[in-house]
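Each remark here refers to the structure printed beneath this line.
What follows is calculated from the coordinates using simple rules that are stated; it is not laboratory data. Values in this document were obtained by computation on a predicted structure and should not be read as measured data. A quick note on method: Cβ atoms are made from the backbone with ideal geometry, for glycine too, and the neighbour counts reach across all protein chains shown.
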Amino acid sequence: MQLFMRTAHELHDLMMKKEISAEELSKAVFDRIESAEDKIGAFITRTTENAFKRARAVDRQIQSGEKIVPLAGIPLAIKDNICTSGILTTAGSKILSNFVPPYSATVVERFDAAGAAMVGKTNLDEFAMGSSTENSAFFVTRNPWNTSKVPGGSSGGSAAAVAAGEAVCALGSDTGGSIRQPASFCGVVGMKPTYGAVSRYGLIAYASSLDQIGPLARDVTDCALMMNVICGHDQLDSTSAQYQAQDYTGFLRDDVRGMRFGVPEEYMAEGIDPAVRAVIIKAMERLESLGAIVEYTTLPHTEYALPTYYMIAPAEASSNLARYDGVRYGIRAEDAEDVIDMFMKTRSKGFGNEVKRRIMLGTYALSAGYYDAYYLKALKVRTLIKEDFDRAFEKYDLLLSPVSPTTAFRIGEKTDDPLQMYLSDVCTISVNLAGIPGISIPCGFVDGMPVGLQLMGRHFDEGTLLRAAYTFEQNTDYHKHYPEL
């Protein structure tokens, strides 16, 4: 197997045995980027010099006999809405096409401290608003399994980079499914941690009460290694939880005997592609054969999740995106007659259609006379959705569902119908509304395209999620399949 398709833990072992060097690994990945990028379009910015500098530093450590940490020298891609000091950070938007942050996000600093070799910043739907990476202001990213199809969104660049071997692992962000859905579409592992488990400091905000940074990786072990780096309290983030991060690799046991899985009927109902449903049922049967108890349950307020999400998220976006006015950073319209005209022209030219749509929806929901009828009511329904999960977790260890109603759809198929695009996230948004963790793991194929199995857990119970995901992975081989470009 080519170096660029191996897992991080395999590569770490090879480096420690001195069978490969970190510099050789970086060269293999950048050679792969050179050969694949014109087909995939995963990266907005490449950081070649930075990666090789870090790789050479790791090689010196190994040569001197030092023991390196598991992700040292591992080529890492970072979604381009996560700030990187001195490196262009655009959030996939024209309005930030010239923005170079003066500081790095906490997660970036933690990966720097772990010795990871950042290879570049990945493409995304503008300000993480989308389910296909077609809303980027720069270009469309393509799915490595079939380049006529989308990689999912909004972390499509990160998922496609890992699937195509253009990075060994990647960071994404998940506001309504933006890690899990592209992980499912691209056949990789993607985790949305509990809200507050990972610092959001340095993440360009879309919807502050929903956004969460998380890992995309080749297998569950790599996912756990990344969680070890990024989790834990951060005093720079007021929403960061006061809890002690754990060694998540300690949960990687091949054992689900007696574990109880609930399958919400609402997530397997009409609207789910029958072929996708059949793959999920096969995964359920596999877990049962391994000793788990799998049974159907109900989350009665699920039908309200989509309208609730598309009330709360745009409202928060309206507030967060008010800062992009052409005054402090980003582009500025030069042909303005006065400051008000400058504001209007900067935002009109700088934002794409989907971002404008959500700003207008959110501004309306927050406006005088409508706040109580829309935004406040949505917050109340959000509480009901969270309580559904609380009741379910009194009986079940984990919940199980598809990640998406379909496999990856064709580029351009849903761009003219925003509602159909929004429905792509119908299985994932409740997790963000409730603030619980969720993971997507490969569980099969439909017409040659990957299908993801979603597992959902209690707040801060990522360990149980990883244990179940690892057990499923160890008893199947779906994660060992790779796309042929």
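Take the Cα coordinates of region 90-163, assign each an equal point scatterer, and use the Debye formula without solvent to give log10 I(q)/I(0) at q = 0.13, 0.20, 0.22, 0.25 Å⁻¹.
These q points yield log10 I(q)/I(0) values of -0.43, -0.89, -0.99, -1.10.
Suppose every K and R has +1 on its Cβ and every D and E has -1 on its Cβ; what is the size of the dipole of region 6-141 about the Cα centre, in Debye to the nearest 20? Display every interim value, and only then the final one.
On the way: 16 positive and 18 negative charges, 58 e Å.
I would put it at about 280 debye.
Could you tell me the distance between the Cα centroids of region 124-148 and region 167-213, to the nearest Å?
Using only Cα atoms to place each centre, the spacing works out to 15 Å.
In terms of the ratio Rg/(2.2 N^0.38 Å) built on C-alpha atoms, what value belongs to region 1-74? Don't jump to the answer; show the numbers that get you there.
Working: Rg = 12.7 Å, N = 74, 2.2 N^0.38 = 11.3 Å.
Rg over 2.2 N^0.38 Å, computed on Cα atoms: 1.13.
In bins 10 Å wide, starting from 0, what share of all Cα pairs of region 311-369 does each bin hold, as a percent?
The calculated distribution, bin by bin, is 24, 47, 26, 2.
So for the chain, taking the charge dipole from beta-carbon charges (+1 Lys/Arg, -1 Asp/Glu), which of Leu236, Pro442, Phe251 sits furthest toward the positive end?
After comparing all options, I get Leu236.
Using +1 at the Cβ of each Lys and Arg and -1 at the Cβ of each Asp and Glu in region 32-72, identify which of Ile62, Ile40, Ala51 lies farthest towards the dipole's positive end.
It is Ile62.
I need the P(r) histogram for region 380-438: all alpha carbon pairs, bin width 10 Å from 0 out to the longest distance, whole percents.
Binned Cα distances yield the sequence 19, 43, 26, 12, 1.
Which whole DSSP H helices in the chain pass both tests: a Cα extent of 27 Å or more along the axis and a mean Kyte-Doolittle value no lower than -1.0? Let's see the in-between values first.
Working: long enough: 377-395 (29 Å, -0.73).
Correct list, ordered by number: 377-395.
What per residue convex hull volume, in Å³, do the alpha-carbon atoms of region 1-158 yield? Mind showing how you got there, number by number?
Working: hull volume 16.7 nm³, N = 158.
Taking the convex hull of the Cα positions in region 1-158, it is 106 Å³ per residue.
Between Lys53 and Ala245, how high is the FRET efficiency from 1/(1 + (r/R0)^6) when r is the Cβ-Cβ distance and R₀ = 45 Å? Nearest 0.05.
On the way: r = 28 Å, r/R0 = 0.62.
Calculated value: 0.95.
Among rounded, prolate and oblate, which fits region 178-323 when a ≥ b ≥ c are the square roots of the eigenvalues of its C-alpha gyration tensor, a/c under 1.5 means rounded, and a/b larger than b/c means prolate? Kindly include the intermediate steps, with their values, before the conclusion.
Numbers: a/c = 2.08, a/b = 1.26, b/c = 1.65.
Oblate.
About the Cα centre, and with charges only on the beta carbon of Lys, Arg (+1) and Asp, Glu (-1), how big is the dipole of the chain? Nearest 20 debye, please.
Details: 48 positive and 60 negative charges, 99 e Å.
So the magnitude is around 480 debye.
Over 5 Å intervals from 0, what percent of Cα-Cα pairs in region 238-284 sits in each interval?
5, 13, 14, 14, 12, 15, 15, 11, 2
Can you give me the C-alpha center-to-center distance between region 251-321 and region 392-442, rounded to a whole angstrom?
Region 251-321 and region 392-442 have Cα centres separated by 8 Å.
Per 0.36 nm of contour for each residue apart, how much would the distance between Tyr103 and Ser64 grow if the chain were fully extended, relative to their Cα-Cα spacing? Each step should come with its number before you reach the end.
Details: separation 39, 0.36 × 39 = 14.04 nm, distance 3.14 nm.
Separation in residues times 0.36 nm, less the Cα-Cα distance, equals 10.9 nm.
Give the calculated FRET efficiency between Leu14 and Asp38 to the nearest 0.05, with a Förster radius of 25 Å applied to their Cβ-Cβ distance.
The value I calculate is 0.30.
Take every Cα-Cα pair in region 94-228 and report what % of them are more than 17 Å apart.
Values: 5020 of 9045 pairs.
Tail fraction, whole percent: 56.
Where both residues lie in the chain, what percent of DSSP beta bridges are antiparallel, nearest 5?
Values: 29 of 44 bridges.
Given both bridge residues lie in the chain, the antiparallel proportion sits at roughly 65 percent.
Where nothing but the Cβ of Lys and Arg (+1) and of Asp and Glu (-1) is charged, how large is the charge dipole of region 56-105 around its Cα centre, in debye to the nearest 20? Write out the running numbers ahead of the final one.
Values: 5 positive and 3 negative charges, 8 e Å.
The calculated dipole for region 56-105 is roughly 40 debye.
With each label point set 7 Å from Cα along the Cα-Cβ vector, what nm distance links His233 and Leu88?
The answer from the label model is 4.0 nm.
Could you work out the percent of alpha carbon pairs in region 250-315 separated by over 13 Å, rounded to a whole number?
Pairs farther apart than 13 Å: 72 percent.
In a Debye calculation with equal point scatterers on the alpha-carbon sites of region 327-468 and no solvent, what is log10 I(q)/I(0) at q = 0.10 Å⁻¹?
-0.57
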